[in-house]
Amino acid sequence: MPSPTVRRSWSLGVSLLLTFCAYNLLAPSAGAQTGPNPAPRPPELAERLEQQNHEADQVVEAYLAKKLALDKTQRELGGLKARVRDAQARHSQLQAQVDALGVGVYQMGPTQGVMAIFTADPANAIKGIETLDIMAQRNEELMAQYKTVDAALTAMTAELSGTQKRQAAELADMAKEKAKVEQAVARTEKLLREARARQALANRGTGDDYGPRPKAGPVPSVSGGAGAAIAFANSKIGFPYCYGGAGPSCYDCSGLVMMAWRAGGKSLPHSSGALRSSLPVVGSPAPGDVVWYPGHVGLYIGGGRMIAATHTGDFVRNQAVRAGATYLRP
């Protein structure tokens, strides 16, 4: 049987061995610490994700601005097509009358009507002259109308062609912007997968980011259109974010604000930039105002909080208003 001294030495050796093994298992390797692509620490990953979300906001905003321009062009195109159809119908009607006039002159001969006056008795000659005057006046009016409508149709056809070319260019720009958005979304989703795998961003203390899917809760009682807008936005808490989304299953930030205020009886554009340029800025916010940041918006509900569709991978949330907000009054 080993002596107490031997037993103590053996026990100490085992302890040291276990400590050495634990250190090597738990501590990062030298390569992981000094290699060219070290795994990001949680604050670094959070910072990268925040920057990526900001960049994605700007790309989405550019896409939405292009979409608004395309929507406007399509409305113009619809109105132009209707006007061209009306002008073509009027042109065809006048063309038939001009053609009939030409046929009549050809069949009668250019001087036949005049000769009939001279061969008639004096009483009928006066009536014949009056008739020719009336016919000439009507023919002049007909030709003037025809020329006016013909010129208008030519101008509208040229405008229609130009608008169609502009639409084709805007569609091409839209495709480019959409590709940029999808690339930004893919980068964000990759970072989110990394963040969630590491649980790096869980429980950051704000209650606003990357937590479990939120649920609608009580909001301040507000009357009128603002109250209806807030009630709509509150009912969408927990719905996922999707770029360009305006419901019913997912929303982006300006899509949520647009649909909320549609429920409140007002039409707002689906773009944070267009909201900034079309709504007045107010110094003291009231429930229902739009909370604006570059590339991002939310709906103010009072008490320093807003409801907003956040970003890719997250949901519509009731969250604190961050510093630097501008308030817009619908």
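The values are calculated or read from the model by the stated rules, or taken from the named source; none is laboratory data. Nothing here was measured: the structure is a model prediction, and the numbers come from that model. Virtual Cβ from ideal backbone geometry, glycine too; neighbours counted across all protein chains shown.
What the table shows:
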quantity	calculated
Qualifying residue in segment 261-273 (condition: touching a Leu at 6+ places or on another chain (Cβ under 7 Å) and polar (S, T, N, Q))	yes
Residue list for segment 238-264, restricted to those being surrounded by 18 or more Cβ atoms within 10 Å (Cβ to Cβ), farther than 16 Å from Gln58 by Cα and in contact with a strand residue (DSSP E or B) (Cβ under 7 Å, 6 or more places away or on another chain)	Phe239, Cys250, Tyr251, Leu256, Val257, Met258, Met259, Ala260
Count - residues of segment 289-304 that are crowded, with 19+ Cβ neighbours inside 10 Å and either touching a Pro at 6+ places or on another chain (Cβ under 7 Å) or free of Cβ contacts under 8 Å to residues at least 24 places away in the same chain (or both)	3
Residues (at pLDDT below 80 and out of contact with any Lys or Arg (no Cβ under 8 Å at 6 or more places or on another chain)) located in segment 146-174	Tyr146, Leu171
Per-region count, segment 269-300, residues under 28 Å from Gln51 (Cα atoms) and part of a loop (DSSP other than H, G, I, E, B)	8
Qualifying residue in segment 257-266 (condition: of a type in the set (Lys, Arg), over 16 Å from Ala308 (Cβ atoms) and modelled with pLDDT under 75)	no
Qualifying residue in segment 307-315 (condition: at pLDDT 95 or above and outside the structural domain of Glu189 (by TED's automatic domain parsing))	yes
Yes/no for Ile230 being modelled with pLDDT of 90 or more, part of a loop (DSSP other than H, G, I, E, B) and among the hydrophobic types (A, V, I, L, M, F, W, C)	no
